[in-house]
Structure formats: structure tokens, C-alpha cells
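Note sheet for the following structure.
The values are calculated or read from the model by the stated rules, or taken from the named source; none is laboratory data. Every value quoted in this text rests on a predicted model; they were computed, and no experiment measured them. Cβ placement follows ideal geometry from the backbone for every residue including glycine, while neighbour counts extend to all protein chains displayed. Remember, those area values only see protein heavy atoms, side chains included, never the ligands or the DNA or RNA. Shrake-Rupley method; radii C 1.70, N 1.55, O 1.52, S 1.80 Å.
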Amino acid sequence: MQTSAQFRRLHRHAGIDRFAGLPPQFERSDRGWLFRRYGHGPAIRVSDDEYARFMRTGLWAVILHGVALIAFGAFAWLLLDRILPGWSGNARAPVFGVVLSLIALALQGSLRHYADAPTRVLVDRPPERPARDPDASMQPNYTTIIALVLFLLFMAAIGTQQPASFYIAFATASVTLGVVLAIRRLRFDRILTVAQRERLREQRVTELAIERARRKESDPLWKGAVLLVFVALELVVIGGGIILGVGIAQAIAGQTSDDMGFGVFMLGFLPGLAFGALLFWPLEKLCKRWTGYSALHAFDWIPPGW
């Protein structure tokens, strides 16, 4: 049976579908797969075909919710423009940041409903193994949350290429994200018993030792170099998609970078981000084929349950 740390590395190889919340709930066994609700519930056996079907459903759920975020985000800005006609773009930006965060939170809740689909499908199937302790790595710690919010605020503070309203909305959404993540972590800590907290502390010590030992096993130097190239390429592709989308929106609106409004920027930014993500995916698959690793591993400090 794989250890918790080994299993998390395995499901990270799943790529985009890890954002569906499904891979952390499955673990490989000698006869197929075991499903554990939230990653720690009683283990229910599923076949390879059932596992593949759940993964496909989760992948499509991520894509559909991504499209929905773009559509609802654009609609929210247009609605704010209509109901707050006397407000400037900078004044509407913090309101939009909060609204966009609430939209993302609602969609994340919907995505979690999709992630819980195996529970509903397998409700009549008896478990084979008892539940186990919750995995704390599925939740961000408070230090990570603070560091993430400060980093995002720093990026907003030094930004100069986009309208000021964009950075105001970005900063507002960053703070809202931090508050939501902190509440999630607080709720997780409150459900743990004293014994579970002690076992999780011992588990973290063991996993850190395993991770240090794994890092001593060095891969060929060329693999690391190629992986860095793919990380750079994928970031460029995402950024290029955004620049292309904003450029097209500017051309349609007949505006320049100096006089571009926040609404025009968002109407170009969101589709551009989606287009960049479509180009990102083939590069990610090619990276895993050539190096055996995912470029997403560069961001493995992000807990998989976010």
C-alpha cells in the first residue's frame, strides 16, 4: 500500500483533473482502486473502468466550471457597470473583486459537489476498510496563506502595465481568498481530536524525512533543464494568451493601453486566459512524456485540496 506522501505525488501526475478534487479520494490497490470520501472515509472498492469514468467526469467538470467563471465574471462586470453608472472604474473595482471571489467560491462549491459524485454512485456498496485520519496536507497552513496573500498583494502593488482598477480588483480578490482559506483551515482544525492532531504531527515528521531522502536521488541533469524550459514555455503560453485576448478586446473597442477601461480589459483577459490554458495542456502532456514529470510540480507547495 502506498504511503500518504507517495499517493499525493501520484495524483499530482493526473494534471488538470486534480483540481476536480477526485484524485485525492482514490488510491491504487491490488485489485483496482479504493475510493475514500474526502480522502479519509471508509474504503470502497471500484474497478479500473469506474475509476476512469469518474476521472473523465471530473475533467469535464473542471473545464465547464472554468468556462462558467469566465462567463459569470464578464457578466458581473457588465452588471456592475449598469447598476453603478456614476461610479468610476477604480470605485467599481473592489466591488468587482469581492463579487468575482464570491462567484469563484460558489463554483468551487459546485465543483466539490461533482467531486462527491462517487459517494452518491457507490452509496449501496459496502466498504472494505475502515476510515482513517484526515490528511492535513489537503489544507493550506496559516503561514502559507499569509505568504500567498502577501505575494499577491506585492504583485498588485508593483504592477504598472494594466489599468489601476485591475490591480485594485486583484488585491481585493487576493484578500478575500486569504480569508476563505483561513476559515477552511480553522474548520478543519476544529474537527480533529487531540489524538488525531498528534498522529498528524508524527506523520508530517515522517513525510519530511521521506521527502529529504527522495531528493537525494538525483535525476539526470538534462531532465531538470528540460523541465525548467517547459515551465517557462507554459508560463509564456498563458501570458501570451492573455496578451492576445486583451489586444483583440482593445482592437474591437477601439481603445489603446492608455485609455482602456477595466471592463474592456476583463473582456479580453478572461477569454485570453482560457485560450492560453488550451495551449498549455498539450505542452504539459509533452513535458510529462519527455521528462517523466509535470511542470505543475514547480508549484507543488500549493496543497492539492485547494
Packing rank of 118-128, 270-280, 235-245, 142-152, where each peptide gets the mean count of other beta carbons within 10 Å, highest leading: 270-280, 235-245, 142-152, 118-128
Expected field for Arg197, accessible surface area in Å² at 1.4 Å probe radius, rounded to 10, holds 110 Å²
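Using 0.36 nm times the number of residues separating Leu78 and Asp124, minus their current alpha carbon distance, what extension gain do you get? Walk me through the numbers before you get to the answer.
Working: separation 46, 0.36 × 46 = 16.56 nm, distance 4.63 nm.
Residue separation times 0.36 nm, minus the Cα-Cα distance, leaves 11.9 nm.
Arrange the peptides 222-228, 51-57, 165-171 so that the one whose residues have, on average, the most other Cβ atoms within 10 Å appears first. List each step's numbers first, then the result.
On the way: 222-228: 13.7, 51-57: 16.6, 165-171: 22.0.
Those peptides, ordered most packed to least, come out 165-171, 51-57, 222-228.
How large, in percent, is the carbon and sulfur part of the accessible surface of the range 71-222 at a probe radius of 1.4 Å? The partial results should precede the final answer.
Working: 6430 of 9750 Å².
In the range 71-222, the share of accessible area belonging to carbon and sulfur is 66 percent.
Give me the net charge for the shell around Pro282: Cβ to Cβ below 14 angstrom, other residues only, Lys and Arg +1, Asp and Glu -1. Could you put the intermediate results ahead of the total?
Numbers: positive: Lys285, Lys288, Arg289; negative: Glu234, Glu284.
Result for the local shell: +1.
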Under the Karplus curve 6.51 cos²θ - 1.76 cosθ + 1.60, θ = phi - 60°, whole-Hz ³J(HN,Hα) for the range 43-59, x wherever Gly or Pro sits: 7, 10, 7, 9, 7, 4, 5, 5, 4, 4, 5, 4, 5, 5, 4, x, 4
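Once the other residues with Cβ under 12 Å from the Cβ of Glu198 are scored (Lys, Arg +1; Asp, Glu -1), what is the net sum?
On the way: positive: Arg197, Arg199, Arg201, Arg204; negative: Asp133, Glu202.
Local charge sum for Glu198: +2.
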Between Ile248 and Lys285, what is the FRET efficiency for a Förster distance of 41 Å, r being their Cβ-Cβ separation, to the nearest 0.05? 0.95
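Can you check what the net charge comes to around Phe35, using other residues whose Cβ is under 14 Å from the Cβ of Phe35 (Lys, Arg +1; Asp, Glu -1)? Write out the running numbers ahead of the final one.
Numbers: positive: Arg28, Arg31, Arg36, Arg37, Arg45, Arg53, Arg120, Arg125, Arg129, Arg132; negative: Glu27, Asp48, Asp49, Glu50, Asp116, Asp124, Glu128.
So the surrounding residues net to +3.
If the only charges are +1 at each Lys and Arg Cβ and -1 at each Asp and Glu Cβ, what is the size of the charge dipole of the range 136-217 around the Cα centre, to the nearest 20 debye? Each step should come with its number before you reach the end.
Values: 12 positive and 6 negative charges, 50 e Å.
Here the size comes out at about 240 debye.
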How far apart, in nanometres, would the label points at Arg212 and Leu102 be if each is projected 7 angstrom from Cα along the Cα-to-Cβ direction? 4.8 nm
Could I have the simple spin-label model distance between Asp133 and Gln162, label points 7 Å from Cα toward Cβ, reported in nm to one decimal? 4.1 nm
